[in-house]
Amino acid sequence: MRLPPCLAIACLLPIGLSFAADETAAPSPSGLTVTVVDSAGSPAAGAKLGPSAAWNRSDEVVLFGIASREPLVADEQGQIVIPAAEFATLVDSRDGTAIVLSGDCKEGLLLVLPPDSTAEAIGVQLKPLRQVEVTVTSQELASLNQELGATMCYAFAGDARPFLSIAGEGPNKLMLPPGEYRLQAYGSKLVEKQEAELTVTPGDADLEVTIDLPASKLAQLIGKPAPPLEQVAAWKGEPITLDELQGKVVLLDFWGYWCGPCIDAMPSLFELHDELADQGLVIIAVHDDLTAGENGVDTLAKLDEKLAPIVQQEWAGRDFPFRVALDGDAPPTSDATGPDRGVITAEYDIRAWPTAIAIDRQGRVVGSMGYHTEEQRQAIRDLLAE
């Protein structure tokens with residue numbers, strides 16, 4: 001087993017975590033002291049503590065810090081002091097969970113810090129980590145002649161997810177201490193996530209797991225006639241149907257006024273329209289409102305009110321040069337964890353905003369397409385040239 005190098009970096013938005021309990025602990029005015037020993041019982045000088053860890057494409061381990069800081073590091077006596085403020089962050093936003101890794105990332109443990117104890121110091125012992133290789137496949141996607149691409153895998157302990165692996169080619173690799181885990185694998189917008197239970201016992205041999213991902217609804221739409229734009233609540237611009245746009249390349253941009261990345265991306269979409277509209281590109285911005293309710297946007301007047309400051313401050317005073325379709329309400333989702341999406345948004349299986357879906361001149365779904373980089377724009381030009 002080749003152990004990956006271990007890095008330590010701060011993270012502005014650390015991944016959530018959760019683990020098997022070791023000792024009880026609680027904040028004190030001076031914080032909490034964690035004394036760490038290795039599996040042989042010696043002080044684990046240089047051990048690091050943070051909320052989550054990731055294995056990246058370079059086979060490196062990245063341990064994240066708490067609240068934008070560096071991971072906490074043990075002194076020569078193996079002692080790590082968690083300041084009261086950082087303890088509170090772990091308890092309030094990370095369920096009191098943390099990862100402790102040895103300096104070489106060969107040993108570690110999952111630590112729970114319950115908020116209801118009065119302890120000022122605890123002792124923990126690291127356990128040898130075991131490598132887990134998670135091979136992620138998608139037989140359904142392969143049957144559709146589509147590539148899976150990069151995959152990711154979380155290892156949950158309870159409800160939290162302290163471990164993450166990001167794979168390019170080959171399996172996702174994780175180094176896990178003994179315990180019970182729930183693996184969650186996922187990939188591009190073309191596959192659904194899938195889970196598998198895993199028990200890691202003490203040992204040296206690598207563990208191998210295969211998780212097969214089902215194709216998403218969007219993947220099954222590719223190459224087929226595009227679903228119609230039905231139940232549009234309102235149009236900004238003249239209403240139109242996809243049947244009327246046969247012979248054009250259509251880009252459906254799914255966005256929302258509440259979505260910062262959508263607002264940031266819109267000027268690039270304006271530029272794309274300016275460049276390619278005369279060549280047969282038709283852009284329709286499909287607005288989906290995830291803030292439904294009393295403050296929801298269900299009319300053009302409400303949308304214009306929300307966009308007024310954005311147009312001036314973010315878009316240099318420019319309004320839409322193409323149509324906007326205000327998506328109508330879809331029936332409540334059967335998936336309690338899924339978003340409440342509009343009719344068109346749900347039909348195209350949109351789960352992230354912004355997402356642009358391309359439709360070719362024959363009215364068939366091409367798939368998700370970006371438009372920010374020159375390479376992405378060239379792909380749209382190539383589609384127009386077909």
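Quick notes on this structure:
- The set of residues in region 273-299 being modelled with pLDDT of 95 or more and either aliphatic (A, V, I, L, M) or in a strand (DSSP E or B) (or both) consists of Leu276, Ala277, Leu281, Val282, Ile283, Ile284, Ala285, Val286, His287.
- Matching option when the condition is surrounded by fewer than 16 Cβ atoms within 10 Å (Cβ to Cβ) and aliphatic (A, V, I, L, M), among Ala119, Ala98: Ala119
- Test for Ile240: is it among the hydrophobic types (A, V, I, L, M, F, W, C) and farther than 28 Å from Ser138 by Cβ: yes
- Scope region 63-93; condition crowded, with 22+ Cβ neighbours inside 10 Å and under 17 Å from Arg161 (Cβ atoms); matching residues: Leu63, Phe64, Ile66, Leu90
- For Ala185, the conditions (1) modelled with pLDDT of 95 or more; (2) in the same structural domain as Arg361 (by TED's automatic domain parsing); (3) not acidic (Asp, Glu) are fulfilled apart from (2).
- Selection count where residues are over 20 Å from Arg351 (Cβ atoms) and surrounded by 14 or more Cβ atoms within 10 Å (Cβ to Cβ), scope region 238-265: 6
- The residues listed here are Asp274, Asp264; of these, the one that is in contact with an Asp or Glu (Cβ under 8 Å, 6 or more places away or on another chain), of a type in the set (D, E, K, R), under 17 Å from Gln376 (Cβ atoms) and in the same structural domain as Gly296 (by TED's automatic domain parsing) is Asp264.
- Ser58 vs. criteria at pLDDT below 90 and closer than 17 Å to Ser165 by Cα: yes
- Restricting region 138-196 to residues that are aromatic (Phe, Trp, Tyr) and surrounded by fewer than 23 Cβ atoms within 10 Å (Cβ to Cβ), the residue that is nearest to the chain's Cα centre (by Cα): Tyr186
The values are calculated or read from the model by the stated rules, or taken from the named source; none is laboratory data. What you see is a predicted model, and the numbers here were worked out from it, not measured in a lab. Counting neighbours? That spans all protein chains shown, and the Cβs are built from the backbone with ideal geometry, glycine included.
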